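Reading through the structure tokens given below for one structure.
The values are calculated or read from the model by the stated rules, or taken from the named source; none is laboratory data. Only a predicted model underlies this, so the values are computations on that prediction, with no experimental measurement involved. Cβ: placed from backbone, ideal geometry, glycine included. Neighbour counts: every protein chain shown.
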Amino acid sequence: MKSDPSPTPLVRAARRSATVLLTAVCALLLAAGSAAAISLKSRGAAHGSGCTHSSLLAAHLALGLDPLAAARAARSMAGEAVRDGLRDVGAGAGPVDVLGLARIRAAREQSPPA
């Protein structure tokens with residue numbers, strides 16, 4: 001028997017709640033430690049920015065960074081992923097580029113064929 005790969009409404013709600021919670025914690029930490037927390041979605045392709053940001057925050061916390069340092073690292077890396085987003089993918093603004101695919105593509109286009 002095959003299992004349905006799509007998540008149940010409960011799983012989707014749990015994922016959204018975790019993303020919102022981690023993003024809120026990060027915003028509070030950044031606001032407490034700096035003049036202002038700048039929106040991740042200010043420019044660039046922002047589809048997936050919330051999930052990317054919360055995953056980066058959780059990963060940095062799991063690595064043992066203190067909460068403020070983890071929030072700053074997550075903000076920086078997620079901001080780069082939004083800035084370098086894949087605007088040519090899909091019909092909307094496009095997904096964030098966490099893996100640096102745009103840089104890889106640009107490097108391939110600039111290198112001479114072998």
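Per-residue answers, yes or no, for (1) crowded, with 16+ Cβ neighbours inside 10 Å; (2) among the charged types (D, E, K, R); (3) in contact with a helix residue (DSSP H, G or I) (Cβ under 9 Å, 6 or more places away or on another chain); (4) under 16 Å from Ser54 (Cα atoms):
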residue: Ala69; (1), (2), (3), (4): no, no, yes, yes
residue: Ala74; (1), (2), (3), (4): yes, no, yes, yes
residue: Asp84; (1), (2), (3), (4): yes, yes, yes, no
residue: Ala91; (1), (2), (3), (4): no, no, no, no
### Query
Wholly within the stretch 36-114, which helices (runs of 4 or more DSSP H) include no fewer than the required count, namely at least 3 residues that are small (Gly, Ala, Ser) and modelled with pLDDT of 85 or more?
49-62, 67-83
### Message
Return the residues of the stretch 72-88 that are more than 12 Å from the chain's Cα centre (by Cα) and touching a residue at least 24 places away in the same chain (Cβ under 8 Å); say none if nothing qualifies.
### Response
Arg72, Leu86, Arg87
